[in-house]
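The values are calculated or read from the model by the stated rules, or taken from the named source; none is laboratory data. Values in this document were obtained by computation on a predicted structure and should not be read as measured data. Cβ atoms come from the backbone with ideal geometry, glycine included; neighbour counts cover every protein chain shown. When the accessible area is computed, the model is the full protein with side chains, heavy atoms only, and any ligands, DNA or RNA have been set aside. Shrake-Rupley method; radii C 1.70, N 1.55, O 1.52, S 1.80 Å.
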Amino acid sequence: MSLQFKLQPASKISGEIRVPGDKSISHRSIMFGSLAEGTTRVTGFLEGEDSLNTLRAFQAMGVQIEGPVNGKVTIHGVGMNGLKKPDVALDMGNSGTSMRLLSGLLSGQAFDLELVGDRSLSKRPMKRVTDPLALMGVLVDTAEGGCPPLKIHGGSAMKGIHYDMPMASAQVKSCLLLAGMYAQGETSVTEPAPTRDHTERMLTAFGYPVKTSGHTMSLQGGGKLTACDIDVPSDISSAAFFMVMGAIAKEADILIKHVGINPTRTGVIDILKLMGADITLQNPHEVGGEPVADVRVRSSQLKGIRVPEELVPLAIDEFPVLFVAAACAQGQTVVTGAHELRVKESDRIQVMADGLQALGVDATATEDGMIINPGPIKSGTVNSHDDHRIAMAFSVASLAAQGEIVIDDCDNVNTSFPTFVELANQVGLHLKTNT
Ligand code: S3P
């Protein structure tokens, strides 16, 4: 039986919490640590299914990795050309980041291999990576419509390219930069709008120079990575659920500790502040090239806004919960320029609009966003379509609901936030599961 969440209304949010490690940074710490020379020690690693799939993939390619134990992982790097051909297809589970980044990284290996995913990942677009990889000289076979599984033909002579990305995607940018490490000459990527820059920051920390000039990132092929220690900050995308809890609860004062506040990720804070949220950053400092701070949120009366399009890529994973915030605001909220939401773990525009409507909210899906006219949130049942962030977003809605909210298909919360239920109840939600 699939996991179901049942939430009774709640009104008070309080406490001091630390949410799990950043998913994007956790993935990259395993990838770069595995290819580095020397031993990389990671702390704060996200022990969720997505980053564990990346870890298992490198173990299957012969890398010795110890842990995770309480967020600690030790990786014995094998060097740029030390991976071994895995015996079986590498299973990326639900994780688009694993599949897209590894398609670039592994196209530089001497062996052929196959990347497979779960039902959701098997429907997601991969041509966005296989097309530019083909320009670099790599042959990757896909299933119908450019979807997984991906069969990567290794041993190609790769050449650096310049690529103008048609969409703002950190996964595509990262895929090409990682492939570029194995290509001859320079690989450069221009993004139409800034996207998360964890790849650039972490490659630099591992001693691989990456140049950033305006919206273009470039590197030279043929370099190497040198092991270093990585302290993974808490994931702002997981903290976002608690920020919105603090912003919409009648009574709230919550402190979320050690949150990554990389400026390419803080769109959620900017958008919530534009809506009138009371958010302050305390104790700002840096860990391993990434800025972190404690985030304090107190209750407020949110107002509806037209979300500035330039903030969309900087908050791309936070829209499910931002739609819930909009449903609790005063006045209309309009989101545009967010077409990418349609190709995430679910079609997050349609699935969120359907769920909000099931709870009596006037939400209209548009091609590239949503129009939300706030109103009372009634009791009802929503389907998360196996999407972790949809399940968690509707849990937050219980703070403004008139009755019980039931959320189906919540197992995938484990992909990014295995301790969500425990932490949500700790701060004041009334969340029960059917297990
Ligand atoms: C990620 C990039 C984003 C984001 C995903 C993680 C990354 O995807 O949605 O959760 O770690 O690079 P896109 O690059 O497809 O927008």
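Annotation: extensible slack from THR435 through GLN59 equals 132.2 nm (criterion: 0.36 nm per residue apart, minus Cα-Cα distance).
For LEU139 and VAL343, the FRET efficiency from 1/(1 + (r/R0)^6), where r spans their Cβ atoms and R0 equals 30 Å, is about 0.80. For the chain, the share of accessible area belonging to carbon and sulfur comes to 49 percent (1.4 Å probe, ligands and nucleic acids excluded). For region 315-351, the residues whose amide N sits under 17 Å from a probe point set 7 Å from the Cα of GLU309 along the beta carbon direction are 315-316, 334-342. Given R0 = 51 Å, the distance between the Cβ atoms of LYS250 and ASN81 translates into a calculated FRET efficiency of 0.30. Taking the Kirkwood radius as Rh and the Cα radius of gyration as Rg, the chain has a ratio of Rg/Rh equal to 0.96.
Taking one quarter of the surface of the C-alpha convex hull of region 23-231 gives a mean projected area of 9.9 nm².
Between the beta carbons of GLN350 and GLU16, assuming R0 = 30 Å, the FRET efficiency works out to 0.25 to the nearest 0.05.
The P(r) of region 270-349 has a tail past 14 Å containing 67 percent of all C-alpha pairs. Model label points for THR226 and MET167, set 7 angstrom from Cα along the Cα-to-Cβ axis, are 3.8 nm apart. Per the Cα gyration tensor, region 183-281 maps to an equivalent ellipsoid with semi-axes of 35, 17, 8 Å, ordered largest to smallest. Dipole size of the chain about its Cα centre, with +1 on Lys/Arg Cβ and -1 on Asp/Glu Cβ: approximately 300 debye, rounded to the nearest 20. Between the alpha-carbon centres of region 350-397 and region 146-169 there is a gap of 35 Å. The alpha-carbon of LYS127 sits under 27 angstrom from the alpha-carbons of these lysines, leaving out residues fewer than 8 places away in its chain: LYS23, LYS84, LYS85, LYS151, LYS159, LYS173, LYS211, LYS344.
If a paramagnetic tag sat 7 Å from the Cα of PHE111 along the Cα-Cβ line, which residues of region 133-153 would have the backbone N under 19 Å from that point? The answer is 139-141, 150-153.
Measure out, as a whole number of angstrom, how far apart the alpha-carbon centroids of region 106-140 and region 31-75 sit. Computed from Cα coordinates, the inter-centre distance equals 22 Å.
Here's the picture: a label point sits 7 Å out from the Cα of MET1 along the beta-carbon direction, and within region 399-435 the residues with their amide nitrogen under 17 Å of it are 406-412, 432-435.
Mean separation of Cα pairs under 8 Å and 6 or more residues apart, divided by the residue count, gives the chain a relative contact order of 20 percent.
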